[in-house]
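Here's the structure we're looking at; comments come further down.
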Amino acid sequence: MMPIVLISLVSLIAIVVAVVLIPYNLKRKHIIRCAKSATNEQLEAIYSNIERLGSVQSTCAALARTNSRSGLDDDWKIPVPHYVETWGGRSIVLKEPEKEAFEFSPDKANEAVLNGCVYRLVPIPRNLTKSGKARNQYSPTKYVAANPDLLKALGAVCPKYPAELLSFLFNPGIETFEFDSTFQARVGGSASWVQDAEFPNCPLCKKRMVTIMQIPGELMPGKLRDGMFYFFGCAKHQGEAQTVVQFT
Ligand SMILES: [Zn+2]
């Protein structure tokens with residue numbers, strides 16, 4: 001009797017794997033292929049559409065995928081867009097020699113380059129809630145709804161899964177089409193913690209520091225898959241900045 005139960009159980013698991021995982025993986029691979037085949041012009045048509053979405057000025061940017069490279073594999077620098085309060089106009093680099101912490105650089109960066117890959121800084125759409133408060137709209141699936149031009153631009157790259165393509169482009173740290181804001185690479189805005197919140201305090205005024213940036217470990221030089229790297233600063237004491245690392 002026992003072997004029959006066991007054989008049935010194993011068959012059931014095999015069927016579940018075949019029915020759920022195989023289509024998921026085929027879809028994932030299809031979307032990755034489409035994204036990799038996109039031209040700069042096609043990606044720019046997508047990202048410039050998103051720039052027009054918010055009803056109020058953006059204060060935060062997401063790093064979105066491109067297919068461009070800078071030429072050097074160890075290039076790593078991020079310019080803070082002008083619309084990010086306090087830190088706009090600066091450049092963030094890795095602290096030598098460990099390269100597992102961030103610091104500001106006096107050198108100006110023209111584009112975001114991580115491990116030699118170029119990322120497009122896309123302003124996160126910001127809208128007013130019913131109570132009149134401005135709020136960032138992180139989820140790209142919401143951008144597609146009621147935006148025919150954006151849907152058209154996405155469909156030119158991936159006609160089958162346009163919305164999922166956008167999720168893939170906006171989550172460069174993970175190879176999936178299921179968007180997760182926790183692992184998004186962002187400059188400005190608020191930290192999405194993978195563990196309990198760990199805001200550092202400014203060593204000078206003791207006040208809680210504000211989020212400058214968050215980067216998934218996959219985009220760091222060591223490709224630290226399970227890590228999330230956060231960068232904080234004090235608006236009053238701008239020489240003070242700290243990196244916090246969490247692991248899932
Ligand atoms: Zn301070």
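The values are calculated or read from the model by the stated rules, or taken from the named source; none is laboratory data. Quick caveat: nothing in here was measured; it's all calculated off a predicted structure. Positions of Cβ are backbone-derived with ideal geometry, glycine not excepted, and every protein chain shown enters the neighbour counts. For the accessible areas, the whole protein counts, side chains as well, though only heavy atoms, and no ligand, DNA or RNA atoms are used. Shrake-Rupley method; radii C 1.70, N 1.55, O 1.52, S 1.80 Å.
Diffusion coefficient (Stokes-Einstein, Kirkwood radius over C-alpha pairs, 37 °C, 0.692 mPa s) for segment 1-102: 174 µm²/s, rounded to a whole number. Pairs of lysine in segment 142-248 with Cα under 25 Å and at least 8 positions apart or on different chains: total? Within segment 142-248, the lysine pair count is 5. A Cβ-based charge dipole, computed about the Cα centre of segment 1-147 with Lys and Arg at +1 and Asp and Glu at -1, lands at about 760 debye. In the chain, the portion of solvent-accessible area held by carbon and sulfur atoms comes to 56 percent [1.4 Å probe, whole percent, DNA, RNA and ligands not counted]. Backbone geometry of segment 153-169 corresponds, through the Karplus equation with coefficients 6.51, -1.76 and 1.60 at θ = phi - 60°, to 3J(HN,Hα) couplings of 5, 6, x, 5, 9, 9, x, 6, 10, x, 5, 5, 4, 4, 4, 5, 5 Hz, x marking Gly and Pro. Annotation: peptides 164-175, 46-57, ranked by per-residue average of other Cβ atoms within 10 Å with the highest first, follow the order 164-175, 46-57.
Listed values for segment 61-68 are Karplus-derived 3J(HN,Hα) couplings in whole Hz (6.51 cos²θ - 1.76 cosθ + 1.60, θ = phi - 60°), namely 10, 9, 8, 10, 5, 9, 9, 8, and x replaces Gly and Pro. Between the beta carbons of PHE247 and SER190, assuming R0 = 22 Å, the FRET efficiency works out to 0.65 to the nearest 0.05. In whole angstrom, segment 70-205 maps to an equivalent ellipsoid with semi-axes of 28, 21, 15, each derived as √(5λ) from the alpha carbon gyration tensor and ordered largest first. Computed from the C-beta positions of THR86 and PHE199 and an R0 of 25 Å, the FRET efficiency is 0.95 to the nearest 0.05. Would you kindly calculate the translational diffusion coefficient of segment 2-247, applying Stokes-Einstein with the Kirkwood radius from alpha carbon pairs, for 4 °C and a viscosity of 1.567 mPa s, and quote it in µm² s⁻¹ without decimals? In µm²/s, the coefficient rounds to 66.
Two numbers describe the Cα atoms of segment 1-48: Rg and Dmax, which are 19.9, 64 Å. For the chain, the longest principal axis of the C-alpha atoms and the axis of helix 40-51 are separated by about 70°. Applied to segment 237-248, the Karplus parametrisation 6.51 cos²θ - 1.76 cosθ + 1.60 on θ = phi - 60° returns per-residue 3J(HN,Hα) values of 10, 6, x, 8, 8, 9, 9, 10, 10, 10, 10, 7 Hz, with x for Gly and Pro. Based on protein heavy atoms only, the chain ends up with 54 Å² per residue of surface accessible to a 1.4 Å probe.
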